[in-house]
Structure formats: structure tokens, C-alpha cells
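K.L.:
Quick one: the structure is below, and I'll ask about it shortly.
Just so it is clear, none of the values below were taken in a lab; they were calculated from the coordinates. Just so it is clear, the structure is predicted and the values come from calculations on it, not from any experiment. Don't worry about glycine lacking a Cβ; one is built from the backbone with ideal geometry, like all the others, and counts go over all protein chains shown.
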Amino acid sequence: MSNVILIVDDSATIRATVKHTLTQAGYDVRQANDGQDGLNQLKTLSGTGTRVAMIISDVNMPVMDGLTFIRNLKSDATYKFTPVLVLTTESQDSRKEEGKAAGAAGWLVKPFEPDTLVGVVRKFVR
């Protein structure tokens, strides 16, 4: 069984870059283009019995932003303990505090180094 990671970002370029980086490191990566799509993807994956080991989410997205997505996710018992890494251009401490309060386990600022991303993911997903 592979470790599935869901990337939630409205940028197709970022999703492709993260997917490539993590696929090269041996992870099974699924994609969603905003928070609502992320919740829908999780429902679909859960229905197939697929366990999502980690979620990587942007903050600024249309339809449903990342912090709202994380709050919704953490209110669901299935994903209460699923680690969420925020990957965003936002670097202000106040935004990081909002992310932590919402339930984010980590915060990585774009642009990111592929090795750094893989290192962070490996801390949460074996």
C-alpha cells in the first residue's frame, strides 16, 4: 500500500511540481484545485478505502481557501489527525498562527526547494 498525499493548490504548475517531486520520492500523489475540490477528492478516496497520509495545501485559492479547507478537514473525525502542510507565498507570522490554529502541522513558503519538501514530508509520512 502506497502513501497517498493530496496536494490542494489552484496553481496547476505548483501541483505538477509538487507531484513530480513527491512521485520521484516514492509517494502516490493526488491533486485538487481548491479547498472544496480537496474535500470532494477526500470523500471519493475515502469511499474507495484509500487512506490519505498527508495533505499539502495552499492558502490563497478561489471557491474555498486553504485555512477554511483545513478547518473543515479537522472537523471530520476521519482526518482529524492527518498532517497538513501549508505551502504558500504567505510568510507573515500572523498567517502562520492562523494556519496553526486551523490545524496545520507545518508551513513552507513558495518557492520551495524539492529536497526541503521531501524532507518535511518524510517527517510525517514514512
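K.L.:
What are the ³J(HN,Hα) couplings of the stretch 106-111, residue after residue, when phi is run through the Karplus curve with 6.51, -1.76, 1.60 and θ = phi - 60°? Round to Hz, x for glycine and proline.
P.N.:
x, 9, 10, 8, 7, x
K.L.:
How about residue 74: which lysines have a C-alpha closer than 16 Å to its C-alpha, ignoring those fewer than 8 places off in the same chain?
P.N.:
43, 100
K.L.:
To the nearest 20 Debye, how big is the dipole of the stretch 46-94 about its Cα centre, given +1 on the beta carbon of each Lys and Arg and -1 on that of each Asp and Glu?
P.N.:
Rounded to the nearest 20 debye, it is 300 debye.
K.L.:
Provide Rg over Rh for the stretch 4-124; use the alpha carbon set for both Rg and the Kirkwood Rh (inverse mean inverse pair distance).
P.N.:
Here Rg/Rh amounts to 0.92.
K.L.:
Sticking with this one: With the cut-off at 1.5 for a/c, could you classify the stretch 67-126 from its C-alpha gyration tensor as rounded, prolate or oblate?
P.N.:
In terms of gyration-tensor shape, oblate.
K.L.:
Ok, one more. Around residue 67, with a cut-off of 9 angstrom between Cβ atoms, what is the net charge of the other residues, counting Lys and Arg +1 and Asp and Glu -1? Could the numbers behind the result be given before it?
P.N.:
Working: positive: 71, 95; negative: 65, 98.
Taking every Cβ under 9 Å from that of residue 67, the sum is 0.
K.L.:
For n ≥ 4 DSSP H runs only, could you compute -39500 (n - 2.57) per run for the chain, divide by its residues and tell me the 222 nm figure to the nearest 500?
P.N.:
Mean residue ellipticity, 222 nm, calculated: -13500 deg cm²/dmol.
K.L.:
A further question follows. Could you work out how far apart the two model spin labels at residue 80 and residue 46 are, taking each label as a point 7 Å from the Cα in the direction of the beta carbon, and quote it in nm?
P.N.:
1.3
K.L.:
For the stretch 90-126 and the stretch 8-31, what is the centre-to-centre distance using only Cα atoms, to the nearest Å?
P.N.:
Cα centroid of the stretch 90-126 versus Cα centroid of the stretch 8-31: 15 Å apart.
K.L.:
Here is a follow-up. Where nothing but the Cβ of Lys and Arg (+1) and of Asp and Glu (-1) is charged, how large is the charge dipole of the chain around its Cα centre, in debye to the nearest 20?
P.N.:
500
K.L.:
Under 5 Å between amide H atoms, partner at least 5 residues away or on a different chain: which partners does residue 86 have, H built in plane at 1.01 Å?
P.N.:
57, 105, 106, 107, 108
K.L.:
Which chymotrypsin sites (Phe, Trp or Tyr not before Pro) in the stretch 27-85 sit in a loop by DSSP (not H, G, I, E or B) and have at most 14 other Cβ atoms within 10 Å of their own Cβ?
P.N.:
Hits after loop and neighbour filter: 81.
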